[in-house]
Amino acid sequence: MTEPDMRLTAVVAAPLKLTYEALTDPAALRVWLAEHAEVDLPGKYEFWGRFTPDGAEPHQRVLHVDDHTIRFGWTVEGVEATVEFALAEDEEGTLVTLSHSDLPSFEDIIHDRAGARGALQTFWSLAIANLADYVAGRELTPMVDFTSRELSTSVVIDAAPEQVFDSMIQPEVFEKWFGAKVDIEPYLGGRFAMGGFEVDPGGAKFVEFEPGRKAALRFVDNETTTWELEGSEGKTRLTLVHSGFDPDNPPYAAWGGWLSGVAGLRRYHELPGTRQIWRQVDVAGIPEGILVTD
């Protein structure tokens, strides 16, 4: 295939045969990947709908299929890329490697200049996290709705609010579940910088900070991400809201990053002692040292 701009490798706790079925059964795909899916291999592998970038209709064509590989062309906003799922047996289950070519540059993505194609990296990060939870029989993390101008979600985490909040504001713990380096000053007015202060010296600022209950981060473009935590019977309902953006250009890529992070946050608290699912994450253009894997 064309040299990929992104290669994500994760381990899922299921045999290769079961993992392959989750990748090729349209009913399964409609749970963990997309609103709509139709599969009739070797000729058809299609998914589309509101949870898919540029998803008004399917834009995939099969290139190659065997008992451990699915490769297809996917056209998003007029640009066709090559996407491949490759499976390999692993002592912990199955290694799933997702490769994707012809992505926008990292600079275009972070400055919201890449349109729907800019969301492909975080789309796949969240999808693979949900695949891992799907085959394990766990509740899935909500997907990005690419038709909505409201970016908000709510999940229940099997841990107390104080534990969840602390894991979101301690840099060394945040890195374990989010999979990226971060520097955090955990107080009102403190800075929060994905990639660290050497990458983003100013960072976002905590404009609200109530330990165990609520925090709000204001970014330099005046967009705001808010975490609200509410406890009940030892569990936490975490509500995540992103606001203040141009409604004609919602930051779906960043929102997908938060949601894929929430999937890791849930695993961190609900499966204590387990490793994160990611074994290798290579994305062209991302500064070295930002991404963290086991």
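See the values below:
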{"read-out": "Residues that are in a loop (DSSP other than H, G, I, E, B) and either touching a Ser or Thr at 6+ places or on another chain (Cβ under 9 Å) or touching a residue at least 24 places away in the same chain (Cβ under 8 Å) (or both), drawn from the stretch 32-48", "value": "L33, A34, E35, L41"}
{"read-out": "Residues located in the stretch 224-253, provided they are at pLDDT 95 or above and of a type in the set (D, E, K, R)", "value": "E228, E230, K235, R237"}
{"read-out": "Test: L98 is surrounded by 19 or more Cβ atoms within 10 Å (Cβ to Cβ) and either farther than 20 Å from E3 by Cβ or not aromatic (F, W, Y) (or both)", "value": "yes"}
{"read-out": "Unmet criterion (only one of (1) surrounded by fewer than 18 Cβ atoms within 10 Å (Cβ to Cβ); (2) closer than 22 Å to A132 by Cα; (3) β-branched (V, I, T)) for T147", "value": "(2)"}
{"read-out": "Tabulated pairs, the stretch 147-173, first at positive phi, second surrounded by fewer than 18 Cβ atoms within 10 Å (Cβ to Cβ) and of a type in the set (S, T, Y), C-beta under 6 angstrom, 6+ apart or interchain", "value": "none"}
{"read-out": "Residue in the stretch 16-31 that is surrounded by 19 or more Cβ atoms within 10 Å (Cβ to Cβ), in a strand (DSSP E or B) and without any contact (Cβ under 8 Å) to a residue 40 or more places away in the chain present", "value": "no"}
{"read-out": "Boolean, P142 is within 14 Å of the chain's Cα centre (by Cα) and not β-branched (V, I, T)", "value": "yes"}
{"read-out": "Exclusive hit being surrounded by fewer than 17 Cβ atoms within 10 Å (Cβ to Cβ) and part of a helix (DSSP H, G or I), set E208, E198, E172, E139", "value": "E172"}
{"read-out": "Selection within the stretch 229-257 - of a type in the set (F, W, Y), part of a helix (DSSP H, G or I) and out of contact with any His (no Cβ under 7 Å at 6 or more places or on another chain)", "value": "Y252"}
{"read-out": "Residue in the stretch 228-237 that is under 21 Å from V199 (Cβ atoms), in the same structural domain as V156 (by TED's automatic domain parsing), crowded, with 18+ Cβ neighbours inside 10 Å and of a type in the set (S, T, Y) present", "value": "no"}
{"read-out": "Of residues in the stretch 245-289 being of a type in the set (K, R) and surrounded by fewer than 18 Cβ atoms within 10 Å (Cβ to Cβ), the one farthest from I109 (Cα to Cα)", "value": "R275"}
{"read-out": "Residues satisfying the stated conditions in the stretch 200-227, i.e. basic (K, R) and either farther than 22 Å from P142 by Cβ or not assigned by TED's automatic domain parsing to the domain that holds I157 (or both)", "value": "K205, R218"}
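Residue-by-condition table, conditions (1) charged (D, E, K, R); (2) within 17 Å of the chain's Cα centre (by Cα):
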{"site": "E3", "(1), (2)": "yes, no"}
{"site": "R7", "(1), (2)": "yes, yes"}
{"site": "A10", "(1), (2)": "no, yes"}
{"site": "L16", "(1), (2)": "no, no"}
{"site": "Y20", "(1), (2)": "no, no"}
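One line per residue, one yes/no per condition, for (1) in contact with a Ser or Thr (Cβ under 7 Å, 6 or more places away or on another chain); (2) in the same structural domain as A34 (by TED's automatic domain parsing); (3) outside any loop (DSSP other than H, G, I, E, B):
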position: F51; (1), (2), (3): no, yes, no
position: A56; (1), (2), (3): no, yes, no
position: R61; (1), (2), (3): no, yes, yes
position: H64; (1), (2), (3): no, yes, yes
position: T75; (1), (2), (3): no, yes, yes
position: E80; (1), (2), (3): no, yes, yes
position: L87; (1), (2), (3): yes, yes, yes
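The values are calculated or read from the model by the stated rules, or taken from the named source; none is laboratory data. Note that the coordinates shown come from a computational prediction; the quantities given were computed from them, not determined experimentally. Cβ: placed from backbone, ideal geometry, glycine included. Neighbour counts: every protein chain shown.
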